[in-house]
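Read the figures in this text as sums done on the coordinates, not as results from a lab. What you see is a predicted model, and the numbers here were worked out from it, not measured in a lab. We place every Cβ from the backbone using ideal geometry, glycine too, and count neighbours over all the protein chains shown.
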Amino acid sequence: METKQRLDAILELARQYNYEPMHAHQVECLAGTIFMELQEFHSLTREDRKLLEYAAILHDIGYFVSPRGHHRHALMMILTEPLTPFTREEVKIIANVARYHRKALPTPEHTIYGTLSEENRQRVNYLAAILRVADALDRSKQSLIRELTCEVTEDSVLFHVVTDREPTVEMGALNRRGDLFRAVFKKNPQIVVQIPRLSTPDAVFQTA
């Protein structure tokens, strides 16, 4: 299916529910970057990356209904809207990835997730794990992260980020939101922050 038609449909839905463009597209960018940086560990496709990015754009639309439980509202809003450029299974994947950007982890006991095939559940697990991290990296909604690369060690994934100031809120959010990433990738997500200085060495902070 034509990518432009798909993106147009996603953006139309996002605008319908008054999404926050700066935050949504920052998370979209971060999620896409993390996906590509960790390609060898998840072996998903370019089409999967696009589904992740679409879910990132839509992940907060549930705020239109209520901040409380907005991830669950987003799930139902995506499922019930006429996203005609997508197959029904693709819509369910996007909706589930958006739903699991916060709070509870995926479980077959959740009705919509439970209707997915085993292959698509695994796909959602990887994509939602990445989205949770990407959303944490813009928790302040100030687009502090200007560059991001990943370094994989034996037990961790180090997210090397370039920012103008220490992203304290983001570091705390990653500690809270890294649960699904740890479960899926079997590695601990950590931030290593580089703050450029004209006259002094880079300042480096690392999460515990």
Pick from the range 180-189, criterion touching a residue at least 12 places away in the same chain (Cβ under 8 Å) and not in a helix (DSSP H, G or I), ranking: surrounded by the fewest Cβ atoms within 10 Å (Cβ to Cβ): 188
Quick one: which of 169, 133 is assigned to a helix (DSSP H, G or I), within 21 Å of residue 27 (Cα to Cα), over 16 Å from the mean Cα position of the chain (by Cα) and hydrophobic (A, V, I, L, M, F, W, C)? 169
In this structure, does residue 35 turn out to be surrounded by fewer than 16 Cβ atoms within 10 Å (Cβ to Cβ), under 17 Å from the mean Cα position of the chain (by Cα) and not hydroxyl-bearing (Ser, Thr, Tyr)? no
What number of residues within the range 36-48 satisfy the criterion of being of a type in the set (A, V, I, L, M, F, W, C) and more than 14 Å from residue 152 (Cβ to Cβ)? 1
Looking at (1) surrounded by 16 or more Cβ atoms within 10 Å (Cβ to Cβ); (2) farther than 30 Å from residue 88 by Cα; (3) not hydroxyl-bearing (Ser, Thr, Tyr), can you tell me which one residue 129 breaks? (2)
Which residue out of 19, 100 is aromatic (Phe, Trp, Tyr) and surrounded by 22 or more Cβ atoms within 10 Å (Cβ to Cβ)? 100
Only unsatisfied item for residue 177, checking (1) surrounded by fewer than 21 Cβ atoms within 10 Å (Cβ to Cβ); (2) in contact (Cβ under 8 Å) with a residue 60 or more places away in the chain, is (1)
Could you tell me whether the range 98-115 includes any residue that is assigned to a helix (DSSP H, G or I), polar (S, T, N, Q) and more than 24 Å from residue 173 (Cβ to Cβ)? yes
Consider only pairs whose beta carbons are under 9 Å apart and that are at least six residues apart or on different chains; among these, list those whose first residue lies in the range 149-161 and is touching a residue at least 60 places away in the same chain (Cβ under 8 Å) and whose second residue is of a type outside the set (A, V, I, L, M, F, W, C) and surrounded by fewer than 15 Cβ atoms within 10 Å (Cβ to Cβ). 152/40; 157/151; 159/149; 159/151
Please enumerate the residues belonging to the range 135-173 that are in contact with a strand residue (DSSP E or B) (Cβ under 7 Å, 6 or more places away or on another chain), among the β-branched types (Val, Ile, Thr) and surrounded by fewer than 16 Cβ atoms within 10 Å (Cβ to Cβ). 149, 162
